[in-house]
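A short write-up of the structure that comes next.
The values are calculated or read from the model by the stated rules, or taken from the named source; none is laboratory data. Quick caveat: nothing in here was measured; it's all calculated off a predicted structure. Cβ coordinates were reconstructed from backbone atoms using ideal geometry, including for glycine residues, and neighbour counts include every protein chain displayed. The protein model used for the area step is the full one, side chains on, heavy atoms only, and it has no ligands, DNA or RNA in it. Shrake-Rupley method; radii C 1.70, N 1.55, O 1.52, S 1.80 Å.
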Amino acid sequence: RAKNELAYSAHIDVSYNPSRRHKLNLSLANAYRVASLEERFKYIDQEGRLMVGNPDLKPEKGFFSNLNYSYTGKKVLFKTDVFANYLFDLITEKLGTYSRATGSPVDAWINTNVDRALYLGGEVDLRWLISHELEFETHASYVYAIDAKTKEHLPLIPAFHGLFKLHYHFHDRIGAFAEMDWE
């Protein structure tokens with residue numbers, strides 16, 4: 001059965017530079033997309049938890065916003081983003097029960113629509129050139145995602161996480177670094 005479906009995305013970006021080193025960006029967007037073939041018909045069984053599609057998925061619609069601030073100094077680069085996204089009929093995976101052709105039910109990640117979903121989050125990046133030889137870098141990000149109707153947390157959202165990194169350069173030929181990832 002052939003089916004023609006439409007997808008679109010529209011956005012507007014506003015950028016403001018209050019001074020040479022400071023920059024603010026605001027992005028607002030609206031999008032509408034139909035489920036992909038994989039989201040509709042996948043069947044993945046790799047000896048882990050089964051992942052299956054759903055041919056009856058509704059199109060996903062949403063409103064998206066992102067506010068970015070960045071500072072670029074001689075030895076420091078700082079950047080932060082905060083975002084809020086509100087989606088209708090979000091296409092996601094939820095844990096459920098799937099009946100195989102043999103009739104035996106199994107736990108599986110099943111593609112489904114979430115009536116209304118809210119994503120809030122942000123991230124911070126910092127790079128600091130301590131000296132010509134030594135550089136420090138850090139990053140942190142967080143996402144809070146819930147089903148706005150049931151107030152349940154959405155699955156498969158990464159935990160609050162980030163990294164710290166110290167990089168040493170010796171005459172631009174030899175380098176060593178230490179890195180710590182955390183969550």
Under Karplus coefficients 6.51, -1.76 and 1.60, residue-wise ³J(HN,Hα) of segment 73-79 in Hz, glycine/proline x: x, 5, 10, 10, 10, 10, 9
Gaussian network model of the chain, springs between alpha carbon atoms under 10 Å - residue of Gly122, Gly103, Gly62 with greatest fluctuation: Gly103
Net charge of Cβ neighbours under 14 Å - reference Asp13; Lys, Arg +1; Asp, Glu -1: 0
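Send over a whole-number figure in Å² for the accessible area per residue of the chain, probe 1.4 Å.
Numbers: 12380 Å² over 183 residues.
Averaged over the residues of the chain, the accessible area is 68 Å².
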The chain, accessible surface, carbon-and-sulfur percent (1.4 angstrom probe): 59 percent
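Only four residue types carry charge here, +1 at the Cβ of Lys and Arg and -1 at the Cβ of Asp and Glu. Report the dipole size of the chain about the Cα centre in Debye, rounded to the nearest 20.
Working: 22 positive and 24 negative charges, 122 e Å.
That gives a dipole near 580 debye.
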Distance between segment 125-158 and segment 49-71 - C-alpha centres, whole angstrom: 18 Å
Eligible lysines near Lys61 by straight Cα distance, threshold 17 Å, same-chain separation 8 or greater: Lys149
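If you take every DSSP beta bridge fully contained in segment 44-183, what fraction is antiparallel? Give it as a percent rounded to 5.
Numbers: 67 of 70 bridges.
Rounded to the nearest five, the antiparallel share is 95 percent.
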Calculated from backbone phi, Karplus (6.51, -1.76, 1.60) coupling profile of segment 49-59 in Hz, x at Gly/Pro: 7, 4, 10, 10, x, 8, x, 9, 5, 7, x
Reach of Lys3 by Cα under 15 Å, taken over aspartates and glutamates that are not fewer than 8 positions away in the same chain: Asp56
